Amino acid sequence: MSDVAELKVNNQTYQLPVTKGTEDEVAVDIQKLRAESKVITLDPGFGNTGSCESGITFIDGEKGILRYRGIPIEQLAEKSTFVETAYLLIYGKLPNETELSDFKNGLTRHSLIHEDMLHFYDGYPSTAHPMAILSSMVCSLSAYYPDSLDPSDPEQVARLIPRVLSKIRTIASYSFKKSIGQPVIYPKNSLDYCANFLYMMFAVPSEAFEVDEDIVKAVNMLLILHADHEQNCSTSTVRLVGSSDANLFASIAAGICALWGPKHGGANQAVVEMLAEIEKNDGDVRKALERAKDKDDPFRLMGFGHRVYKNYDPRARVIKGSCDKILAKTGQTDPLLDIARRLEEAALEDPYFRDRKLYPNVDFYSGVIYRAIGIPTNMFTVMFALGRLPGWIAHWKEMVDSKNYRIGRPRQIYTGNNETNYVPLSQRT
Ligand code: SDX
């Protein structure tokens, strides 16, 4: 293949370099196009735009492949821990024993948040969505750690990474405790990352609490599956905000806000709400399918479809396979799981979904497991944020380490008025 593309615009031909990734993905490099031609490319929603080169995560959406740093997601979900996977994503390789132990120690040491921050929780109404609390509390961390805000200082960045990774789960669990009127539970540093999170979520001061190892394993698996997904909406937001040299706490807070939307991470909450609605309507999945296909109805099948996957999302496959095991472990049955399965089956047989290659995505089955382990519905997207944090950090770090990054600043095609004179108020109709 030629490594130059030709573009003919306004009777002029321009030579554009062609770049190839390690998995043979091809891109036409248009960085110099406007300078040479005054022409820009137009791609609303960035469906066809590569914003960067990245060595973190590979997705083949046609084949349903997902790998972190080259390692298939299925292997990581089965064999790794969330902390080890976070290290892999952020530092580019699996840690050896010393590296893993140092990394874990960093996470343990930074688990508390500044005591003054506890007062913030009193200011939120008890009905506050935990994503609103999470984003503002993470941004507030920048007020408490001014010694780790400079992205160009490697020592500050090294201090910052365990801080944000560790404190986010403390912030998340405190927001849950406040919402149900229970006292916050301080972290217990003898517990590992996920166990400590579950302890802070579900322990109460008045009785002993044992963390169930099978539940810890399930949380590890779910967080691993959510840990990165290349240039998705929230990660692209973190990169965009970070490209202005805003500090990492601020960049992550912006990513949390982007994740909140029901078209992105908020879909896991929306899925369970949709399944509960179907259950209320006698479990009739056909009605939901008809509504999802109706272009005059804004309803869409939540947890279905994906910008990149035109095949089964490999993460949904792993989660679906674990649902029965977790429900059996917790001694529950969940009618919503049955509805989810029937809905999936009906959608995959329906020409509308087949023609558009719409399959269950990562959010379709995750809520069933979260429910089984006692996570309330409005905390589901917070769980996604905990999982996605290493990916956000890894992308931010990859960008700031690259040194030659520029501020993200797309262009536009203006479609407004041509030059128009100002009209004084008295002469306006
Ligand atoms: C995540 O990008 C990532 O990597 C995200 C993520 C990650 O890990 O970061 O994987 C996590 O965000 C998963 C997605 C969660 N969202 C949902 O489950 C919400 C429901 N799904 C959609 O709204 C939608 O599928 C998106 C937002 C996920 C993708 O949107 P696209 O790529 O812009 O696709 P589209 O809207 O252009 O859809 C193409 C066609 C359209 O029909 P036509 O106009 O061609 O007739 O498919 C239809 C859409 O109307 N369609 C759906 C549908 N999803 C797409 N129709 C009914 N139900 C749906 N869910």
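The values are calculated or read from the model by the stated rules, or taken from the named source; none is laboratory data. A quick note: this is a predicted structure, and the numbers were derived from the prediction, not measured. Cβ: placed from backbone, ideal geometry, glycine included. Neighbour counts: every protein chain shown. These accessible areas exclude ligands, DNA and RNA; they are computed on the full protein's heavy atoms, side chains included. Shrake-Rupley method; radii C 1.70, N 1.55, O 1.52, S 1.80 Å.
For LEU259, state whether it is touching a residue at least 40 places away in the same chain (Cβ under 8 Å), crowded, with 21+ Cβ neighbours inside 10 Å and within 15 Å of the ligand (Cβ to nearest atom).
Criteria met by LEU259.
So which of ARG342, ARG307 is of a type in the set (D, E, K, R), near the ligand (Cβ under 10 Å from one of its atoms) and more than 25 Å from PHE197 (Cβ to Cβ)?
ARG307
Given (1) in contact (Cβ under 8 Å) with a residue 24 or more places away in the chain; (2) in a helix (DSSP H, G or I); (3) open to solvent by 10 Å² or more (accessible area, probe 1.4 Å), where does ASN268 come up short, assuming only one miss?
Checking ASN268 against (1) in contact (Cβ under 8 Å) with a residue 24 or more places away in the chain; (2) in a helix (DSSP H, G or I); (3) open to solvent by 10 Å² or more (accessible area, probe 1.4 Å), the one that fails is (3).
Within region 223-234, is even one residue within 15 Å of the ligand (Cβ to nearest atom), in a helix (DSSP H, G or I) and more than 23 Å from PHE197 (Cβ to Cβ)?
yes
Name the one entry in PRO360, PRO390, PRO314, PRO376 that is away from the ligand (no atom under 16 Å from the Cβ) and touching a residue at least 40 places away in the same chain (Cβ under 8 Å).
Just one listed residue meets the conditions, PRO376.
Quick check, is LEU248 closer than 29 Å to GLU74 by Cα, open to solvent by less than 60 Å² (accessible area, probe 1.4 Å) and more than 7 Å from the ligand (Cβ to nearest atom)?
Judged against the criteria, LEU248 is not a match.
Does region 395-419 hold any residues that are among the polar types (S, T, N, Q) and closer than 13 Å to CYS52 by Cβ, and which are they?
Residues satisfying the conditions are SER402, ASN404.
Among the residues of region 227-245, which ones are open to solvent by 20 Å² or more (accessible area, probe 1.4 Å) and among the acidic types (Asp, Glu)? Can you show your working first?
Going through region 227-245, the residues open to solvent by 20 Å² or more (accessible area, probe 1.4 Å) turn out to be 230-233, 236-237, 239-241, 244-245.
Scanning region 227-245 gives GLU230, ASP245.
Return the total of residues in region 277-292 being open to solvent by 40 Å² or more (accessible area, probe 1.4 Å) and in contact (Cβ under 8 Å) with a residue 12 or more places away in the chain.
Qualifying residue count for the region: 2.
Are there any helices (runs of 4 or more DSSP H) wholly within region 293-397 with 2 or more residues that are open to solvent by 30 Å² or more (accessible area, probe 1.4 Å) and not hydrophobic (A, V, I, L, M, F, W, C), and if so which? Write out each step before concluding.
Details: elements: 314-330, 335-349, 351-355, 362-372.
So the answer is 314-330, 335-349, 351-355.
List the pairs whose first member sits in region 398-424 and is touching a residue at least 40 places away in the same chain (Cβ under 8 Å), whose second member is open to solvent by 100 Å² or more (accessible area, probe 1.4 Å) and of a type in the set (A, V, I, L, M), and whose Cβ atoms are under 8 Å apart, counting only residues at least 6 apart or on separate chains?
From region 398-424, the pairs are ILE413/LEU42.
What's the number of the only condition in (1) more than 10 Å from the ligand (Cβ to nearest atom); (2) of a type outside the set (A, V, I, L, M); (3) modelled with pLDDT of 95 or more; (4) closer than 30 Å to ILE215 by Cβ that ARG239 fails to meet?
Just one mismatch for ARG239, condition (4).
So how many residues does region 219-244 have that are touching a residue at least 24 places away in the same chain (Cβ under 8 Å) and more than 14 Å from PHE384 (Cα to Cα)?
Keep residues of region 219-244 that are touching a residue at least 24 places away in the same chain (Cβ under 8 Å), which gives 219-236, 238-240, 242-244.
Within this subset, residues satisfying the condition of being more than 14 Å from PHE384 (Cα to Cα) are 230-231, 236, 238-240, 242-244.
Residues flagged as touching a residue at least 24 places away in the same chain (Cβ under 8 Å) and more than 14 Å from PHE384 (Cα to Cα) within region 219-244 amount to 9.
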